[in-house]
Structures are given as C-alpha cells and as structure tokens.
Amino acid sequence: MKEMWTTFASVMGIWAFSQSLFQAFFPPEFRFATLKFLNRICNWFSAYCYYDITEIDGVNTNELYNAVQLYLSSSACVAGNRLSLTRGLNSSSITFGLSNNDSLIDTFNGVNVLWEHVVIPRNSQTFSWRPLPEEKRGFLLRAKKKDKSVVLGAYLDYVMDKATEIRRKNQDRLLYTNSRGGSLDSRGHPWESVPFKHPSTFETLAMDPQKKSEIMADLLDFANGESFYQRTGRAWKRGYLLYGPPGTGKSSMIAAMANFLGYDIYDLELTEVHTNSELRKLLMKTSSKSIIVIEDIDCSINLTNRKNNTGSSRDNKSNYNVPPPGSGVTNSEDGGGNTITLSGLLNFTDGLWSCCGSERIFVFTTNHIEKLDPALLRSGRMDMHIHMSYSSFSALKILLKNYLGYDEDDVEKQLLEQLEQVIERAEMTPADISEVLIKNRRNKDKAVLELLEALRTRVERNDKNNAVKSRENMTVEDEEQEKRALLVESPKEGGGGGDQLEANCDKEKGGHDANDDDKVL
C-alpha cells in the first residue's frame, strides 16, 4: 500500500513538472490555436452541427430562447424525466420546461434534433446599467449537417409559430370596454380590461351542427389565411353579422368564437363614443388577434335603413346623428355628445383605418336586420350573415346533454318523438328551454316532461295567435270588399250620379289645366 502511494506521488510530480514545462515553452496563444485546430478537425469529421441559443443577446432578451422554452414545454411533459414547472402572470395553465442541463430529442418531418438546456454560473459581474442573472442560460441545438437547411428554415419557423400558439392558449383572454369614451388612462389606453372567463364553446352552443361546422371552418380559414390575404391584396379582417330574436345565443356565439380562436374581445359601446375621431382612436388601440363587437347595432345609435326614410336629404342626414328615444344619448346641437355618422362607422369597419392592424374580426349583432342600412350589410363589411333562430330538434338535443347529461339514447324514444313534433312549432329560444331545464336539473325525468309540456303550451298559444291574426286579416279583407262593392253599386242606384261624378272630375281637371296654362304664360 505504501509503495502504491509512493508511485502515485511520483506520477503527480512528473505531471506537474511536465505541465510547467509545457506552459513555459508553449505560450497561451499557441495552445489556443492548437486547441482550435484540433476542434476544427473534430468538427470536420463529425456528422453533427451545433447552435447556441442564449437567453440574453448582448443586452436584449432573445425572443427565440423564450419561443424554444415554450415549444419544448409541449414535449417535455411527455419525454422529460426532470422538469421545471412555471406559471406566468395572467396564465391559466402550468408550463413544463427542461430542467438545468437536461436534454430532449425532437422530430420534425423525419429530422431528429437534440435540445439541451445549458446553465452555466456567470463570472463576477462588472459594472453594468442592467444587472444580469447569476446564471448564463441557453439552449444547445444539435442536428445532422445534412439537415442544416431544414433546421434553420422550416423547423425554426415551426418552433416560433407553435410557441405563439401555446402562449395564446396559456394566457388568459381579456374583455375590453371603452367605458370612458375616448379619454385615455395614465398609460395612454382608452380601453379597460377584465379577464374573460366565459365558458361557452362550439361544443356547448345550441344550434344546428352543420351550421356550426361551417362557422368553425370559416374561422379556421381566416386564422390561417395570412398568406391568402397578402396574395389577394385584402386587409386581414373579417366581418360577421349575428341576427335573430333575443335569447337565441348571439352573445354565447361571440364567446365561443373567442375561445375557439384564442382571441381577446373588444366590446365597443357606441353610446360612449362622441365623434368619428374618437372611434378611429379606439380602433388604433386594439390589438391583433382580437374580436371587435358592437352589440345591438340597431339600438346603440340610429343607423336605420335609408330606404325607409321618405324625408328630405336634411332629414336623412339628421337621422344618422340623432339617437333613438330612450337611448340616453343626446344630439350635439342640443348640447349633447354623440355625432357618429354612418360614414364614420363604415370607415371603422371597412375603410383605410380598419387596415391599421391584422387578424381582427368585426362582429355586429341585431334583433332586427331589416332596420339596418344596406351599406352595413354588404360583403367586405359583414362577410358572413349568421341567423340565430329558434331552437331546432338538433339544438334541443345539445341542450339536453349540456344541462341534464342526456344523450339521444338516454331519453325514451316515444318521448323524443313527441319533442321532435312540437319543437319547430313552439318557436322557443335556447334561453327559454335552458330556463326550464335549469329549474328541474335535479330531477332529470321531470325536467324533460315539463319541457314537453312547456313546448305544447307554447304551440297552443302560437296557434291561437295565428288564428286571431287570420281572423283579423279576413275581417280587413271583408271590409275592403264591402267598400269596393258599395263604390260599384252606388252609381247604379243614383242613376246619373256616376255621370255627374265624371263631369265634376272633368271640370276639376279642366280647371287645373287652365291654371297650369296661366302659369306657363
């Protein structure tokens, strides 16, 4: 044992002497050049290439580092053995990430790459205006040289896009409102926001499944259509008009669209906006990937159909500036505040100012589409008109599943057939049906039976109303027929009454002609 330690000490002494001789005869520059040369030789024969993605690039944060961290979180929770868990501000989910000095293999279009999270303690910092973290973090990407073009091109673009999608899904959506009109807060923003927690989705939305599929496909085409809109020279925006009776789910549709795309919602209250200039300022302060909503456009300000107005041009002009009675908005001439015009609203949705952002959706809702001006309804402003109608049988089955947990097979076939027979004639909105189901949700069988009774009652009431309307129409028609018959019979009974009436008409006609001749002369 003593001889072994003696031999070890001799070897260490020889190593120390050789190292001192090496450092004395070979300067640091030569040693560095030798190591660099050996490294190039190794890289020349190596089949891999390496890329460093540091957390901080100089003094700025590297966006690619954050994108890679988010992208790997979708795979780390499955493949990683040691993970770091984080939850950011305004985030509704936990993000998984690679732990320090851990690695992960990823595959893209048949190309395998290795990601390694490298964490190195940083040397003592010198004086800096911006303090740096104590550790130097970064990702090391290893890929084969033959796959270099794919990795630096399509793969990194895919990583950035995927990270953006994950960030949007993890972040809580916000609901904005312009309650202060056009005034700005301390940060220069005219919008106030609250977290948007509406649970409505297309799966729970009570409407025809085929119509829902069409809407979802249209939304996906819009969200993924950046290249299409650029190629065709169109602004990356789309307009939807939701119309139908109250209680048919127009607000739930908007919430489902926001949850489906992961967009924020800007609820624009037109009665709080005083001028067209303020309207443009609000539009400029909206972000991309958002839904701008104007609910009850026929009630917010008076933008009715110009074809229904028979007054002069002055009357027509005032029709767009004067708010409807009871709206709480006064005319500017009366000392009030709302002077938004139809032209200003059209420029807001389809003018030059509507192009100051990208990937935005405009949604208008109304209960009476016939009251809207045709200029608001044309393509380019409202590209898709969605009729939110009364509950159909397919919508009823969705409501039974949402509120009672009933599938089609859970309800008796005979009872289901009875519901199908009366649902179309009942003309009940999803809100009305939901109220009946919520009231009896603890007793599911009772809820279905009471719903059937409510539908039958509504059918009877509708039949009575239709019968009354038919009788009224028949009465009006009978009265008109009697008047026409009396007009036909009265000349016969009076003898020359008809001739006298014609003579009077000719006399009046001649008198008018004479007056007209005098005016011409």
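The values are calculated or read from the model by the stated rules, or taken from the named source; none is laboratory data. Predicted model only: the values in this text are computed from it and were never measured. Methodologically, a virtual Cβ is constructed for each residue, glycine included, from the backbone with ideal geometry; neighbour enumeration extends over all protein chains shown. Each accessible area value is taken on the protein alone, full model and side chains, heavy atoms only, with ligands, DNA and RNA left out. Shrake-Rupley method; radii C 1.70, N 1.55, O 1.52, S 1.80 Å.
Residues are listed down the side, and each one gets a yes or a no for (1) touching a helix residue (DSSP H, G or I) at 6+ places or on another chain (Cβ under 7 Å); (2) surrounded by 15 or more Cβ atoms within 10 Å (Cβ to Cβ); (3) small (G, A, S):
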position	(1), (2), (3)
H385	no, no, no
S389	no, yes, yes
I398	no, yes, no
K401	no, yes, no
E412	no, no, no
E417	no, no, no
L437	yes, yes, no
K444	yes, yes, no
T457	no, no, no
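Taking the range 436-479 as the region of interest, how many residues are of a type in the set (D, E, K, R) and farther than 16 Å from V422 by Cα? Selection size over the range 436-479: 12.
Conditions tested, residue by residue: (1) modelled with pLDDT of 90 or more; (2) under 30 Å from T429 (Cα atoms).
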site: D172; (1), (2): no, no
site: S179; (1), (2): no, no
site: K197; (1), (2): no, yes
site: D208; (1), (2): yes, yes
site: K212; (1), (2): yes, yes
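When Y243, Y176, Y158 are checked against the criterion of being open to solvent by 50 Å² or more (accessible area, probe 1.4 Å), among the aromatic types (F, W, Y) and within 18 Å of the chain's Cα centre (by Cα), Y243 stands alone in meeting it.
Does at least one position in the range 244-258 carry a residue that is modelled with pLDDT of 90 or more and farther than 23 Å from I369 by Cα? Within the range 244-258, one or more residues are modelled with pLDDT of 90 or more and farther than 23 Å from I369 by Cα.
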